[in-house]
Amino acid sequence: MERGCLNVGSVTATVGPPTGALWTGGGSSDRRRTSAPEEVPVPHVESPVDVWVDNVEMLDAAVVRTWAVLAAEALGSARATLDGANVFPVADGDTGTNMHLTLREGVHAVRAEPVDAGGARLLRLLARGALLGARGNSGSILSEWLRGLAASATRRASLAEALDVAARTAARAVAHPAPGTILTAAEVAAGAAREAAAGHDPADPASRQRVLDAARAGARRAALDSGQALAALRDAGVLDSGAAGLLLVLHALAEAHRRSLPYPCLTAPGTAGRAVSEARGTMSTVTLDIDLREPRVRAPADGGAPADDELELMFVLHRPGAAAEFGAGAVADELRRDLGAVGGSVVVVGGADGGSDGGSDGGSGGAGDADADRDADRDADRDADEETLWQAHVHTADLAAALAVARRWAGRGTVSRVHVRDLAATHQHGVAPPAGTAGRVAWGLVAATGAPGLAADLARGGAVVLVHVDDPVTADELAAAALGHPAPGVLVLSGPVGGGAGSVVQAVAAHRAADTAADDAAAADAATDGATDGVDPPGATDTASASEGPASVVVLDAGTDAHVAVGAAALAAADDASAARDALAGLRVVTTDAAGAPAALDGLLAEGYPAVVTLLLDDGVPAALAGALAEQVARRSADAEVVTLLRGVPGEGVQLAMEVER
């Protein structure tokens, strides 16, 4: 039987204009439209009997590949808008950036997979890549939502069930869920999907399209209502940026799936039967069709601006299959409790690579239900034998205590990708240089260190800090952090555990080459499709990558923590990478122990008159030694500055660094 458009009815989907149209003000009565959304009939097709094959994939590989690219591009295009409306849980202005960078890492994982990979496997890779590259609260939650979808696809669940599992998985990952956020948007989208799926064949592509369109419409309603659901958003006069980000992701999924439909009546004119492509130009552009509105205040009573001393810590935990001490379901609960004791905004996501829906080793611990418990029992035996991967996130004023949690869990698995940043400082690098500074670049800093005690000082200076707790910091991690930094220029100090400047330069080049190759392939595909049809592809845009990153990345060798500390101080003083290069070029460093430090310092001082001497001390160094060394410097040069830093590692090691007068 030939497939065709049979028994066409219609359902209604609400779509807005291509640019900002809606916003919230002080109350629901103040909500206004600049242009009314249009009610568009969406064709509904009753599928012929005995056509659909058994065990059809929830989302086929072509749809997953297209969705991943389209969603990352949509988040990249909207990142500034989403960042500008970010006030909850803290007003750190990075929700759009975090969601975009998180999904971009998932896209890289999908693109690296052979073309014959199935849809379920690609979804697992998308979720795993997003988990490993998760940024911030919103990125972590998005990665867990993707993991719920991937787990459901692996079990051949229906699309409506998968959206429900994804919503519950994401909600249970958050220690203290709040209404009006990305979690609410996921929940409302899932509810709308269930209603749309009722009474219809889940294997029917037209039914799946109806489910996706309903989910997108549900997420849109939730985003529009978010401004009145949460005090922080209401006080600021904005909609929730995380909910709006998920709306973009669902819109991209609906659009990608629409392109795969075999019915001419359900596809754009002139595109019937065309295979789905990753090319940006071969489908309608996904845009944010609601206006989030710039916040009236940046520090509402609930949520608000980040505290001056609050830092964000994220790390990845890997546990092998059948790991001891914790049974299925207990890892997330225990890790979440540990982090909750040292800070707030706790999110723990992850689980078995094959995925669960969060009920077993997958983020349980939040509000659950009977279905969640049932799913947990079903997956517990499987997950207990599989390796598990987790991403942990916390905001803390006590970084030493939070890093102690990471070190403690390093004894229960392997801890890697330990990132620290200052919530208030880092996102400020995303603004343009002030007037009168033409030709200068606002520089951000990425630094690697094996000294946890330095991490807080470096982060509060605006650095993104990668800390060696268990697994060494890799060149690839440094490259990813640099290319994800919001500053137009980024200095990377490779540190004693970063693999050296050369390996980081190669990693940066490799990341950029991969993006360029993908963009070139997408542009060629778009051009081919356009030539075939004789028209420009709908929604065609410039093929420049939405993730091009900083215009300039400078990598300097920093072989010791002393080099890292001095390079960071020079950059902070001059906001110029060349100043850091000059400071490191003339730096003299000696590594010794407490007993040998006075003699080693004498040897340094004999080489010239010091301008600055930096002392880096391990935890076991006697407190009086720092004062004695400072007096030793003063006898040589009364004008010299002495800076003392604690490395936060056991032992009696001492690093002495001298910058000479020029």
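So who's got an amide H within less than 5 Å of the one on Val642, skipping anything under 5 residues away but keeping other chains? H placed 1.01 Å off N, in plane.
When sequence neighbours closer than 5 places are left aside, the close amide H contacts are Val613.
Considering all alpha-carbon pairs of the range 157-271, what whole percent are spaced by more than 18 angstrom?
Counting every Cα pair in the range 157-271, those more than 18 Å apart make up 51 percent.
Hey, how many Å between the Cα centroid of the range 551-604 and the Cα centroid of the range 86-127?
36
Under 5 Å between amide H atoms, partner at least 5 residues away or on a different chain: which partners does Gly462 have, H built in plane at 1.01 Å?
Distant-sequence amide H within range of Gly462: Asp422.
Rolling a 1.4 Å sphere over the protein heavy atoms, what is the accessible area per residue of the range 90-234, to the nearest Å²?
Working: 3920 Å² over 145 residues.
Heavy-atom accessible area per residue stands at 27 Å².
Which value, in nm² and rounded to one decimal, describes the direction-averaged projected area of the C-alpha convex hull of the range 146-212? Spell out each step's value before the answer.
Values: hull surface 17.5 nm².
Spelled out: convex hull of the Cα atoms, projected over all directions, averaged, 4.4 nm².
Apply the Karplus parameterisation 6.51 cos²θ - 1.76 cosθ + 1.60, with θ equal to phi minus 60°, to every residue of the range 213-226 and state each ³J(HN,Hα) to the nearest whole Hz, in sequence, with x for glycine and proline.
For the range 213-226, the Karplus-derived couplings read 5, 5, 5, 4, 5, x, 4, 5, 4, 4, 5, 5, 7, 4 Hz, x marking Gly and Pro.
How much of the accessible area of the range 554-662, in percent, comes from carbon and sulfur atoms when a 1.4 Å probe is used? Let's see the in-between values first.
Working: 2570 of 4890 Å².
Roughly 53 percent of what the probe reaches on the range 554-662 is carbon or sulfur.
At a 1.4 Å probe radius, carbon and sulfur cover how many percent of the accessible area of the range 456-495? Provide the component values of the computation, followed by the final result.
On the way: 470 of 940 Å².
Carbon-and-sulfur percentage of accessible area, whole number: 51.
Long-range amide H contacts for Thr560: which residues qualify at under 5 Å (H placed 1.01 Å from N, peptide plane, sequence gap of 5 or more or a different chain)?
none
Which of the peptides 97-103, 598-604, 339-345, 583-589 is most tightly packed, and how do the rest follow, going by the mean number of other Cβ atoms within 10 Å of each residue? The partial results should precede the final answer.
On the way: 97-103: 30.3, 598-604: 15.6, 339-345: 19.4, 583-589: 17.4.
Ranking the peptides 97-103, 598-604, 339-345, 583-589 by packing returns 97-103, 339-345, 583-589, 598-604.
GluC sites (Glu not before Pro), restricted to the range 616-662: which are DSSP loop and have at most 16 other Cβ atoms within 10 Å? Mind dumping the intermediate values first?
Working: sites: Glu631, Glu641, Glu652, Glu659, Glu661; in loops: Glu652, Glu661.
When the GluC sites (Glu not before Pro) of the range 616-662 are filtered for loop state and at most 16 Cβ neighbours within 10 Å, Glu661 remain.
Given a 1.4 angstrom probe, what's the average accessible area per residue across the range 558-609, in square angstrom?
On the way: 2130 Å² over 52 residues.
Using a 1.4 Å probe on heavy atoms only, each residue of the range 558-609 averages 41 Å².
Can you run phi through the Karplus equation (6.51, -1.76, 1.60; θ = phi - 60°) for the range 564-570 and list ³J(HN,Hα) in whole Hz, with x for Gly and Pro?
Using θ = phi - 60°, the values come out as 4, 5, 5, x, 5, 5, 5 Hz.
Mean separation of Cα pairs under 8 Å and 6+ residues apart, divided by the residue count of the range 581-648: what relative contact order is that in percent? Write out the running numbers ahead of the final one.
Values: 57 pairs, mean separation 25.6, N = 68.
In percent, rounded to a whole number, it is 38.
Using the Karplus equation 6.51 cos²θ - 1.76 cosθ + 1.60 (θ = phi - 60°), what ³J(HN,Hα) coupling, rounded to whole Hz, does each residue of the range 189-206 give in order, writing x for Gly and Pro?
Along the range 189-206, the couplings run 4, 5, x, 5, 5, 4, 5, 5, 7, 4, x, 10, 6, x, 8, 6, x, 5 Hz.
For the range 560-661, what does the equivalent ellipsoid look like in terms of its semi-axes, each the square root of 5 times an eigenvalue of the Cα gyration tensor, given largest first in whole Å? Mind dumping the intermediate values first?
Values: eigenvalues 91, 53, 24 Å².
Working through the eigenvalues yields semi-axes of 21, 16, 11 Å.
Near Ala463, within a Cβ-to-Cβ distance under 15 Å, what is the net charge of the other residues, with Lys and Arg +1 and Asp and Glu -1?
Numbers: positive: Arg421, Arg460; negative: Glu312, Asp422, Asp457, Glu477, Asp561, Asp575.
Spelling it out: positives minus negatives among the neighbours equals -4.
What full-extension length gain, to one decimal in nm, is calculated for Ala112 and Gln632 as 0.36 nm per residue of separation minus the Cα-Cα distance?
Working: separation 520, 0.36 × 520 = 187.20 nm, distance 5.71 nm.
Gain in length upon complete extension: 181.5 nm.
On the full set of protein chains, 1.4 Å probe, figure out the accessible area of Asp333 and give it in Å² to the nearest 10.
Ignoring ligands and nucleic acids, Asp333 comes out at about 40 Å².
Taking the Cα centre as origin and putting +1 on Lys and Arg beta-carbons and -1 on Asp and Glu beta-carbons, what dipole magnitude results for the range 611-662, to the nearest 20 debye?
80
The values are calculated or read from the model by the stated rules, or taken from the named source; none is laboratory data. Only a predicted model underlies this, so the values are computations on that prediction, with no experimental measurement involved. Here the Cβ is made from the backbone with ideal geometry for all residues, glycine too, and neighbour counts use every protein chain on show. Accessible surface areas use protein heavy atoms only, side chains included; no ligands, DNA or RNA. Shrake-Rupley method; radii C 1.70, N 1.55, O 1.52, S 1.80 Å.
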